[in-house]
1. If the requirement is being within 23 Å of Leu48 (Cα to Cα) and among the aliphatic types (A, V, I, L, M), which of these qualifies: Ala103, Ala154, Ala150?
2. Go through segment 8-47 residue by residue and tally those that are out of contact with any helix residue (DSSP H, G or I) (no Cβ under 9 Å at 6 or more places or on another chain), among the polar types (S, T, N, Q) and more than 17 Å from Leu114 (Cα to Cα).
3. Scan segment 84-98 for residues that are touching a Ser or Thr at 6+ places or on another chain (Cβ under 6 Å) and either modelled with pLDDT under 90 or among the aliphatic types (A, V, I, L, M) (or both) and jot them down.
4. For a quick check of your reading of the model, give me the residue pairs whose first member lies in segment 25-38 and is over 15 Å from Ala103 (Cα atoms) and modelled with pLDDT under 90, whose second is open to solvent by 10 Å² or more (accessible area, probe 1.4 Å) and not in a strand (DSSP E or B), with beta-carbon atoms closer than 9 Å and at least 6 apart or on different chains.
5. Go through Arg30, Arg7 for me and flag whichever is of a type in the set (Lys, Arg), surrounded by 12 or more Cβ atoms within 10 Å (Cβ to Cβ) and closer than 22 Å to Pro61 by Cβ.
6. What about Leu151, is it aliphatic (A, V, I, L, M) and under 15 Å from the mean Cα position of the chain (by Cα)?
7. Which of (1) hydrophobic (A, V, I, L, M, F, W, C); (2) modelled with pLDDT under 95; (3) farther than 30 Å from Asp168 by Cα does Met74 not meet, given it meets every other one?
8. Within the set of pairs 6 or more residues apart or between chains, which connect a residue that is closer than 20 Å to Pro69 by Cα inside segment 89-105 to a residue that is outside any strand (DSSP E or B) and of a type in the set (D, E, K, R) with Cβ atoms less than 9 Å apart?
Amino acid sequence: MKRTLLRFENLQQVVGGEGMAVIVLTDMERRQALSVVCDEAMALQLQLRIANPRGCRNMLPETLLSLLPSSYEMMICGLFEGQYQVVLMNELGDSVRLRMSDAVLLSIISNIPLYIEYRLFERQCFSYDEHSQSIAIPINTMDLTRLKMALEHAVENENYELASQLRDEIKRRHP
């Protein structure tokens, strides 16, 4: 299976996004990027690690990681109901599912590699520009609540093309 290794690039607050932030991951060459919406609590955890990684050494996730006996890797293997599907695997083939934002946090604090299936990355990625002032969030990665909020906002702003796309995504998930 062809796959792409991802790296954490940055975390951006969403203006008017009420408790939302966007995690930006890139390929190792920093040419293509993937955006992941996360909640305020996860954004805070990520900001702590970005600002002061040494100060987090004794926090629970870091402490628990020191107890892991084997090597691991994570794979983003699909998308379902607006959520990336991530699996944490060890060399014995044991695996557990993780939320995407938890996988990013785990990757940051542990250096466990985070991969994505190549075809999924090609479908979901956008060209990365470190100086860009905006980030693309694919509609198919938004949860239902955020889709409905975005639909209301698009209609209010008379952006009917976007409203149509949002409506179609909502119908696709809940016929």
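The values are calculated or read from the model by the stated rules, or taken from the named source; none is laboratory data. The shown structure was predicted, so the numbers you read here are calculated from the model rather than taken from an experiment. Note: ideal-geometry Cβ built from the backbone for every residue, glycine included; neighbour counts use all protein chains shown. Just so you know, the surface numbers come from the protein's heavy atoms only, side chains and all, with ligands and any DNA or RNA stripped out. Shrake-Rupley method; radii C 1.70, N 1.55, O 1.52, S 1.80 Å.
1. Ala103
2. 2
3. Val87, Met89, Glu91
4. That search, which allows pairs on different chains as well, returns nothing.
5. Arg7
6. no
7. The failed condition is (2).
8. Qualifying pairs under 9 Å: Leu105/Arg49.
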